[in-house]
1. Name the single residue that is farthest from K208 (Cα to Cα) among those in segment 74-88 being assigned to a loop (DSSP other than H, G, I, E, B) and touching a Ser or Thr at 6+ places or on another chain (Cβ under 7 Å).
2. For segment 179-208: of the residues being among the β-branched types (V, I, T) and within 22 Å of E35 (Cα to Cα), which is surrounded by the most Cβ atoms within 10 Å (Cβ to Cβ)?
3. Tell me, which strands (runs of 3 or more DSSP E) lie completely within segment 148-218 with 1 or more residues that are within 25 Å of S62 (Cβ to Cβ) and in contact with an Asp or Glu (Cβ under 9 Å, 6 or more places away or on another chain)?
4. Here is a list of conditions, (1) among the hydrophobic types (A, V, I, L, M, F, W, C); (2) crowded, with 20+ Cβ neighbours inside 10 Å; (3) within 16 Å of L171 (Cβ to Cβ), and A117 meets all of them except one; can you say which number that is?
5. Given (1) touching a residue at least 40 places away in the same chain (Cβ under 8 Å); (2) surrounded by fewer than 19 Cβ atoms within 10 Å (Cβ to Cβ), identify the lone condition not met by L80.
6. Please work out which one of (1) surrounded by fewer than 18 Cβ atoms within 10 Å (Cβ to Cβ); (2) part of a strand (DSSP E or B) is the condition K144 fails and give its number.
7. For Y111, all conditions in the list (1) surrounded by fewer than 20 Cβ atoms within 10 Å (Cβ to Cβ); (2) over 17 Å from I196 (Cβ atoms); (3) of a type outside the set (K, R) hold save one; what is the number of the exception?
8. Test each condition in (1) outside any strand (DSSP E or B); (2) closer than 28 Å to G34 by Cβ; (3) modelled with pLDDT of 95 or more for P106 and report the one that comes out false.
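The values are calculated or read from the model by the stated rules, or taken from the named source; none is laboratory data. Please read these numbers as outputs of a predicted model, since none were measured by experiment. Neighbour counts run over all protein chains shown; Cβ positions are idealised from the backbone, glycine included.
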Amino acid sequence: MSSRLAPLVIVLIPLLLVASTSAEEADFTPLFDGESFNGWEGNLDVFRIEEGAIIAGNAQASLAHNEFLCTKKIFRDFELRLEAKLVGPGNNAGIQFRSSRIPNDPEVRGYQCDMGAAGDMGNIWGWLYDESRRNKFLAQSNLKNPEKYFREGDWNKFVIRCQGPRIQIWLNGKQTVDYLESDEEISRHGIIGLQIHGGPPSEASYRKIRIRTLTSKK
């Protein structure tokens with residue numbers, strides 16, 4: 001390579017990377033403005049905002065039951081992107097989607113992208129659970145050696161994609177779930193929610209929450 005071209009290449013590569021990232025995010029709309037709970041509802045004694053992130057729970061205090069901060073808006077087919085972090089001995093939280101509030105109850109019913117650990121199963125980051133409905137894991141991560149991709153006590157990137165009956169989840173760029181819902185009675189629309197699990201002290205943090213609408217498929 002010509003020595004005269006080298007500086008130009010060094011300048012162009014970062015610019016191309018920025019342009020590529022900007023184009024990839026162009027169709028996404030923020031669900032959280034980093035400063036307020038506009039567009040969200042839930043128990044604000046449990047949820048707070050710090051340094052541009054939604055913080056759920058308290059790493060020094062136990063919680064009587066599950067709590068959820070939910071969008072006021074309903075979504076159908078979409079791609080959701082966000083970053084999440086979990087600390088504390090409770091070690092259990094999750095991201096609800098295509099879900100609904102249960103009347104007169106703090107619980108939410110619907111799909112959940114799980115975070116944390118579950119007994120003998122260990123690391124359940126990126127698994128698909130059916131909260132307060134079928135009450136079971138619908139799909140487990142297909143990743144071998146998940147500790148290679150999961151950042152304990154640090155921010156982890158999630159992509160949750162729902163289109164028709166198909167649900168896909170990625171954790172830090174690696175796909176964990178590709179699930180096809182066979183039950184036609186299961187709702188394909190609902191709210192998005194951020195969970196902190198009841199029980200021992202735990203603190204879940206969520207930031208950079210954005211979404212784009214996808215074309216619906218049967």
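1. At the first step, the residues of segment 74-88 found to be assigned to a loop (DSSP other than H, G, I, E, B) are 74, 76-77, 88.
This time we only want the ones that are touching a Ser or Thr at 6+ places or on another chain (Cβ under 7 Å), so: 76-77, 88.
Working: R76: 20, D77: 20, G88: 22 Å.
Taking the candidates together, the pick is G88.
2. In this case the residue turns out to be I196.
3. Where strands (runs of 3 or more DSSP E) fall fully within segment 148-218 and carry at least 1 residues being within 25 Å of S62 (Cβ to Cβ) and in contact with an Asp or Glu (Cβ under 9 Å, 6 or more places away or on another chain), they are 156-163, 191-196, 202-213.
4. (2)
5. (2)
6. If we test K144 against (1) surrounded by fewer than 18 Cβ atoms within 10 Å (Cβ to Cβ); (2) part of a strand (DSSP E or B), just (2) comes out false.
7. Of (1) surrounded by fewer than 20 Cβ atoms within 10 Å (Cβ to Cβ); (2) over 17 Å from I196 (Cβ atoms); (3) of a type outside the set (K, R), only one is false for Y111: (1).
8. (3)
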